[in-house]
4 protein chains.
Amino acid sequence: MSLFERLKADNLDDWQAYTRHSFVKQLATGELPEHAFRTYLQQDYLFLIHFSRAYALAVYKSPRLSDMRNALEGLKAIMDVEMDLHVELCAGWGISRDELETLPEASETMAYTRFVLETGLRGDLLDLQVALAPCILGYGEIARENALAKPAGPAADAYRRWLDEYGGNDYQSVAQDFSSWTDQTAEIYMTEARFAALSEIFNQASRLEADFWQMGLKA
Amino acid sequence: MSLFERLKADNLDDWQAYTRHSFVKQLATGELPEHAFRTYLQQDYLFLIHFSRAYALAVYKSPRLSDMRNALEGLKAIMDVEMDLHVELCAGWGISRDELETLPEASETMAYTRFVLETGLRGDLLDLQVALAPCILGYGEIARENALAKPAGPAADAYRRWLDEYGGNDYQSVAQDFSSWTDQTAEIYMTEARFAALSEIFNQASRLEADFWQMGLKA
Amino acid sequence: MSLFERLKADNLDDWQAYTRHSFVKQLATGELPEHAFRTYLQQDYLFLIHFSRAYALAVYKSPRLSDMRNALEGLKAIMDVEMDLHVELCAGWGISRDELETLPEASETMAYTRFVLETGLRGDLLDLQVALAPCILGYGEIARENALAKPAGPAADAYRRWLDEYGGNDYQSVAQDFSSWTDQTAEIYMTEARFAALSEIFNQASRLEADFWQMGLKA
Amino acid sequence: MSLFERLKADNLDDWQAYTRHSFVKQLATGELPEHAFRTYLQQDYLFLIHFSRAYALAVYKSPRLSDMRNALEGLKAIMDVEMDLHVELCAGWGISRDELETLPEASETMAYTRFVLETGLRGDLLDLQVALAPCILGYGEIARENALAKPAGPAADAYRRWLDEYGGNDYQSVAQDFSSWTDQTAEIYMTEARFAALSEIFNQASRLEADFWQMGLKA
C-alpha cells in the first residue's frame, strides 16, 4: 500500500468532498457554468506559478541528488510546458496572458498555495510531498473516475479536453512517478509516530483543494 | 507619513472592508451572536500559535541585532502572556485548553497565517512586517474607532473586554512600536519601485483578515 | 542510549578531535596564549548572534507547541542572559561592546553558524537539533572532562571561569534538557534509514567546531 | 556602473586576494601542482550540487515570473549540463562519479555554499544574487584576466581547458546576463542605505572563495 493510499483511507470523507465535489460532477456532465470554469482556469494560472515555486523549494530541500533531479523534472514540466499550455487554453476562452498576469489572486488560491509552500519550509521534503499530493494525485484520480464521462452543453469540448489532459498517459505517469517518489522519501523519513501529522497535512490540503473548486462554483 | 498610513491610503476599500466588517460592527453594538464570537476566539488561538512562529521567523530574518531584539519582545509577548490570557478568556466561555489544542484549523485561519509566514520566507523582513501589519495595526485601529461603543445584549461584557484589551495603552503602544519598527526597516529596504509589491502584500493580508471575520459570522 | 551517545559513538575520531583539541587542552593547563582566547571570545560573540537565530528558527520549525516552548527558552537564555554575560566577560579583557559588534566575522565563524542554520532550513527540527548538538553538548562534555583541571599562568582565572561556567549545574542541565528534547523529536522523526544522514550532519558540525578552536589557536 | 562594479570597487583588496590568488596565478603559469587542481575539482563537484540548490532557492524567492525564468535557466545550466561536464572532466583525472558522490565535503566547501544559501534564505533575492556574484562573475573575470596565459608543465592542457571554459563566449554571456539580472533586481530593491550590508555580503563571499582556492593549494 502506497503512502498515498494510506493517507486517502485515513481521510476518506474529506478526500471525496474534494475529488467528488459538485464542480467536478458538473464538469463531467457538462452542467458546469462556463464562467465557473473560466474563473477556475484563471486562478489556476496563478496557482501554477506558486506550484512552480513549490517544486523549486523541493529541489532546494532535497536530501539526495536523485531527489533534486526528480523535483527539477517537475519544475521544468510546469514552467517550460504546462504554463504555456495553460496560456493557450485561456486564449481559447478569450483570456489574454496580460489579463492572467495581472489578475487579483483569490483567497482560495492564496490559501492552498501558501499552505503547501509553508508546510514545505517548516518541515522536510516528505511534508512538502504530502502537501502536494492532493493536487497532483487528486487530479489524476478525478480524471480516471470520470474517464467515461460525456459532458454535454456549450462547454462540452473544453471539459472533455480537461478530463483528457489529466486522464492521458502523460499526466497519469507523472502522477504515478510522484507517488513512487514520495514512497521513496517515506522509506527513509516516515515513522508510525509521524503518520498522524502527515495525515493532518493531507487532510488540510484536501480541504483547501475543495475550497478551490468552491471558489469556481461561487463565481 | 508612516509606511502604514501610506499602505492604508493605497488600499482604502479593502482596509475598511476589514476594519469595518459586519463582525466588528456587530461586536460594537453587541448584536454579534455569541457562537460567532466563540468560533472566532477558538480559531484565534490557533492563529496565535502561527503568529508566534511568524515573530520567531522575524528574529531569524532580522538584519540587525536591534531588529532581533524587537522581534523577540513580540514573540515573548505572545507566547509568554497573550496565549495564556487567551486560554483564560476561552475558559470563561467554557472552552478548555485541550479543546483549543485539538481544534481543526479553519481554512480562513490557514489562509492568513500561512500567507504571512510564506511572504516572510520568500522576501525580507520588510515583506514580513507588511504582511503582519493588518493584524497588529488593524486591531489597534478597530479598538480606537470603537472606543466609545457600548455593546448591549448577553455577551456585552465579553465584547467590551475585547475592545478594552486592544484599545488599552498596552496594546496601543505595542501597535505604535510595531509601526515605528516597520518604518525603521523601510528606511533601509524601501524604494519607490518596491511600493507596489508591498502594497499588494498589504492588500492580500487585509482581505484575508476580512475573511477571518467572515469565518466567525458564517459559523 | 540517547541519540547523542549514538552519534558520538559513530563519529568518535572527529568528536575527540573537537572536544580534545589543543585549544581545549591548553586552556585546561593554562598554556593557551591569551590572544588565542581573546580571539575566540570575540568570535564567540558573533557566534551567539547566529546561534540565537538558530533557536528562533527552531521555534519557527517546531512541529508542536511544546517544541516551540523549548526552543523559546533556549532563545531567551542566549539573547536575554548569555550575550550580556559575554559582553561583561569581554569587557574584562578590554573588548568593548562596540568593538564586538563591528568585528569582521572569521571564516570559521561563518562556516559553522551558516551550516547549522542552512541544515535546519533544508531539513526538519531533528536535523537542526543534530547540527546544534556538537556545540551545546560538546561544551558540556569538555567542561566535565576538565572539571579537575587547574589552569596555571597569567590567564588562569579566566580559563577557570570558562570551565566553571560550562561545568556548572546551570549549563549542565541546559545541555541535559537539550539532549532529552532531541530524543523526543527523534522518537517521532528518526528512522534507522535516516541515521546515516544525521550522523553526517553531526560529523560535519563537529569538524566545523574543531575549526573554530583552530581559528583561536592560529590567531 | 553596474552593482557588481560598485561592489568590487568597495572591496578591492579582498576581491583581488580572491581573483589573483596564488592558486589562480599558478594555474595560469602551469606551476599549480596537479593534486591541488584535482582536490579543487573534486570539491567543486560538491560545490555545484549546493550551487544548484542556490539557484532553486532563487526560483522560490523570485518576486516576478521573469525572475523565476532567469533562475530556472541557471538551475538547468548547472544540473542538466555543467555537472555532467564536470563528471567527464573528473573522469579524465581518473576520478569516478561514485568517488565524487561519496567524497567528504571540505570545510571550505561547506563554508562558502552554506553562506550563500543561508544569506538567500535570510534576506531577499538581491541578497542571494550578491552572495552568488563572487563565484559567477569572479570566474568570468579570472578567465578574462588570464586569456593570454600559456600554462606549461604536465597539466598544461587541463589548465588551458579550464581557462577556455570560463573565458569562452558561453560562460562570458552567462556571467553578463547574471550581472544584468542582478542590476534589474537592484533597480527595485536597492537603496543607498542598504549598500553597506550588500557590500558586506559581497566581502564575505569573496573571502570564502579565496579560502576555497587555498583549500586546493594546501592539499
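The values are calculated or read from the model by the stated rules, or taken from the named source; none is laboratory data. Computed from a predicted structure; not experimentally measured. Cβ coordinates were reconstructed from backbone atoms using ideal geometry, including for glycine residues, and neighbour counts include every protein chain displayed. Note: areas computed on protein heavy atoms with side chains; ligands, DNA, RNA excluded. Shrake-Rupley method; radii C 1.70, N 1.55, O 1.52, S 1.80 Å.
Worth a mention:
- Filtered residues of the range A:104-116 (kept if over 16 Å from B:PHE202 (Cα atoms) and open to solvent by 20 Å² or more (accessible area, probe 1.4 Å)): A:GLU108
- Exclusive hit being surrounded by fewer than 20 Cβ atoms within 10 Å (Cβ to Cβ) and modelled with pLDDT under 95, set C:GLU145, C:GLU165: C:GLU165
- Unmet criterion (only one of (1) at pLDDT 95 or above; (2) open to solvent by less than 20 Å² (accessible area, probe 1.4 Å)) for A:MET83: (1)
- Filter result (buried (at least 23 other Cβ atoms within 10 Å of the Cβ) and of a type in the set (Gly, Ala, Ser)) within the range A:55-70: A:ALA56, A:ALA58, A:SER62
- Residues in the range B:104-112 include none that are among the aromatic types (Phe, Trp, Tyr) and more than 14 Å from chain A (Cβ to nearest Cβ).
- A Cβ distance below 7 Å, combined with a sequence gap of six or more or placement on separate chains, defines the contacts here; from the range A:158-180, residues that are farther than 25 Å from A:THR29 by Cβ reach residues that are open to solvent by 40 Å² or more (accessible area, probe 1.4 Å) in the pairs A:VAL174/A:ALA77.
- Within the range A:1-27, the set of residues being closer than 25 Å to A:ARG194 by Cβ, among the aliphatic types (A, V, I, L, M) and open to solvent by less than 30 Å² (accessible area, probe 1.4 Å) comprises A:LEU3, A:LEU7.
- Of the set (1) within 14 Å of chain A (Cβ to nearest Cβ); (2) open to solvent by less than 20 Å² (accessible area, probe 1.4 Å), all apply to D:ARG97 but (2).
- If only residues of the range A:1-45 that are of a type in the set (Ser, Thr, Tyr) and part of a helix (DSSP H, G or I) are counted, the one that is nearest to D:PRO63 (Cα to Cα) is A:TYR45.
- Positions within the range D:132-146 being part of a helix (DSSP H, G or I), in contact (Cβ under 8 Å) with a residue 60 or more places away in the chain and not β-branched (Val, Ile, Thr), in sequence order: D:LEU132, D:ALA133, D:PRO134, D:CYS135, D:LEU137, D:GLY138, D:GLU141, D:GLU145
- Matching residues, the range A:147-164, being of a type in the set (Lys, Arg) and not in a loop (DSSP other than H, G, I, E, B): A:ARG160, A:ARG161
- Tally, over the range A:180-219, of residues that are farther than 18 Å from A:ASN11 by Cα, in a helix (DSSP H, G or I), open to solvent by 10 Å² or more (accessible area, probe 1.4 Å) and of a type in the set (Gly, Ala, Ser): 2
- Test: residue in the range D:180-191 that is touching a Gly at 6+ places or on another chain (Cβ under 8 Å) and at pLDDT 95 or above: no
- Selection of helices (runs of 4 or more DSSP H) fully inside the range A:46-123 by the criterion of at least 2 residues being farther than 18 Å from D:LEU65 by Cβ and in contact with a Lys or Arg (Cβ under 9 Å, 6 or more places away or on another chain) returns A:65-76, A:107-122.
- Odd one out for C:ASN70 among (1) within 13 Å of chain B (Cβ to nearest Cβ); (2) in contact with a Pro (Cβ under 9 Å, 6 or more places away or on another chain): (2)
- Members of the range D:113-142 that are within 13 Å of another protein chain (Cβ to nearest Cβ) and hydroxyl-bearing (Ser, Thr, Tyr): D:THR113, D:THR119
- Candidate set from the range C:73-94 (those that are in contact with a Phe, Trp or Tyr (Cβ under 7 Å, 6 or more places away or on another chain) and in contact (Cβ under 8 Å) with a residue 24 or more places away in the chain); member that is nearest to the other protein chains (Cβ to nearest Cβ): C:ILE78
- Any hit, the range B:29-45, residues being more than 12 Å from every other protein chain (Cβ to nearest Cβ), open to solvent by 20 Å² or more (accessible area, probe 1.4 Å) and under 15 Å from the mean Cα position of the chain (by Cα): yes
- Pairs, first more than 7 Å from every other protein chain (Cβ to nearest Cβ) and farther than 15 Å from A:ASP84 by Cβ in the range A:48-59, second surrounded by fewer than 24 Cβ atoms within 10 Å (Cβ to Cβ) and β-branched (Val, Ile, Thr), C-beta under 7 Å, six or more apart: A:TYR55/A:ILE78
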